[in-house]
There are 2 protein chains.
Amino acid sequence: MQNSEALTLAAALLAAAGDLTRRIDEGVVARGFEGRPAYGFAFTRLAPDGATVTDLAAHLGVTKQAASQLVEELVRKGYAERRPHPRDARARLVVLTERGWACTRAAEEAAAEAVGVWAESLGGEGEMRVLRDQLLRIAPYGPIRPAW
Amino acid sequence: MQNSEALTLAAALLAAAGDLTRRIDEGVVARGFEGRPAYGFAFTRLAPDGATVTDLAAHLGVTKQAASQLVEELVRKGYAERRPHPRDARARLVVLTERGWACTRAAEEAAAEAVGVWAESLGGEGEMRVLRDQLLRIAPYGPIRPAW
DNA sequence: GGGAATTGGTCAAGCAGCTTGACTATATAA
DNA sequence: TTATATAGTCAAGCTGCTTGACCAATTCCC
């Protein structure tokens, strides 16, 4: 692959990521939730059993101070709540509220909708799975932080 | 594709884009240039024949004020210069200097290097071309702005 | 056990990079 | 000609992040 092609790939990746992020955010807003793009990706970490601020920071690729501010925002808007951590009195377990779950489902729906549009461009869902598997092999657990 | 899978795809896309952006930026710095990630993507627009501030703003997905500040930065660092536009006295054509071309090549090299690492994970360059073509079909001319 | 080092979380201040708003100069349309 | 649109810049403001300092709880290790 030529050098210039590689930079084109990077640009395409960023354009696609930006497009998807925007579509998901718009979809969430259209479903009656107020939010910013980071919410959806925070939810994916909080969803199963909750997470600490430090976990969330690592997942999003920001400092724990920034993650703490995000959690404060989520709590203020009623999407999450802080509970004492069962095994560590320093830590607090951040879990989704019912409204948080609803917003999570909205984000997932919006994501599915956006991906559906893409599937048409690519000619089917099979291709989407291929794309997803390729991406997951590239950056399986990387922090989700595509900002410039 | 299930809704939760779609959100996973989005996360993987963002993680991959973030990983690549970081690698390219580090590679450019390692080659002796000071810069931030936006530079490389500005260069891809300026490279062929130059561009106006407004062109650049559209390409990056920011306001023309932000693009103007970026150009000011590029000029100050010796990567670009402003010339009178041949057919429009309001506009100014921003073109790369020799140092700007050198930095562009460094960015392309860094991108190729980063993509090379990926190619190993995916099992070959052919797969990378598939990935690139898929992404280009998804967001062919979208603005390059993956921030949250 | 007990002191040192580590870790989880928050408060405070600062800043980079973007935005909106206002304005000038040139170009285009009526 | 007059009015409207476009290219660019200046100025101010704000959002979301960072670094630095700090306290409380935990873990390490002798």
Practice problem: Go ahead and run the numbers for FRET between B:THR54 and B:ARG105, Cβ-Cβ distance against an R0 of 22 Å, rounding to 0.05. | Solution: 0.25
Quiz item: Average projected area of the Cα convex hull of the range A:3-138, in nm²?
Solution: 9.9
Self-check item: Overall Cα dimensions of the range A:45-116 - principal axes, largest extent first, Å
Solution: 43, 25, 21
Quiz item: Can you give the FRET efficiency for A:GLU98 and A:GLU26, using 1/(1 + (r/R0)^6), R0 = 30 Å, r = Cβ-Cβ distance, to the nearest 0.05?
Solution: 0.80
Quiz item: Considering only the label points, 7 Å along Cα→Cβ from Cα, what distances in nm to one decimal separate B:GLU34 from the same position in each other copy, shortest first?
Solution: 4.1
Quiz item: In whole Å, what three semi-axes, largest first, describe the equivalent ellipsoid of the protein assembly as shown built from its Cα gyration tensor (square root of 5 times each eigenvalue)?
Solution: 35, 22, 19
Quiz item: Per 5 Å bin from zero, what fraction in whole % of the C-alpha pairs of the range A:79-134 is there, up to the bin with the longest pair?
Solution: 5, 17, 14, 13, 11, 11, 11, 9, 6, 3, 0
Quiz item: How many nanometers, to one decimal and shortest first, lie between the label point of B:ARG90 and those of its other copies, if labels sit 7 Å from Cα toward Cβ?
Solution: 5.9
Exercise. Determine the shielding of peptide B:109-119 by partner chains: average, over its residues, the number of Cβ atoms on other chains within 10 angstrom of each Cβ.
Key: 5
Practice problem: In nm to one decimal, list the spacings between the B:PRO48 label point and its equivalents in the other copies, with label points set 7 Å along Cα to Cβ, shortest first. | Solution: 4.7
Self-check item: Distance between modelled label sites at B:LYS64 and A:ALA89, nm, 7 Å Cα→Cβ extension
Solution: 6.2
Exercise. Mind checking the per residue accessible area of the range A:5-64 for me, 1.4 Å probe, whole number of Å²?
Key: 36
Exercise. Round to the nearest 10 and give me the degree value, 0 to 90, for the angle of helix B:3-30's Cα axis relative to the longest principal axis of chain B.
Key: 50
Self-check item: Solvent accessible area, Å² - B:LYS77, 1.4 Å probe, full protein context
Solution: 60
Practice problem: Quick one: angle between helix B:64-76 and the longest Cα principal axis of chain B, in degrees between 0 and 90, rounded to 10, please. | Solution: 70
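The values are calculated or read from the model by the stated rules, or taken from the named source; none is laboratory data. A quick note: this is a predicted structure, and the numbers were derived from the prediction, not measured. We place every Cβ from the backbone using ideal geometry, glycine too, and count neighbours over all the protein chains shown. SASA here: full protein model, heavy atoms, side chains in, ligands and nucleic acids out. Shrake-Rupley method; radii C 1.70, N 1.55, O 1.52, S 1.80 Å.
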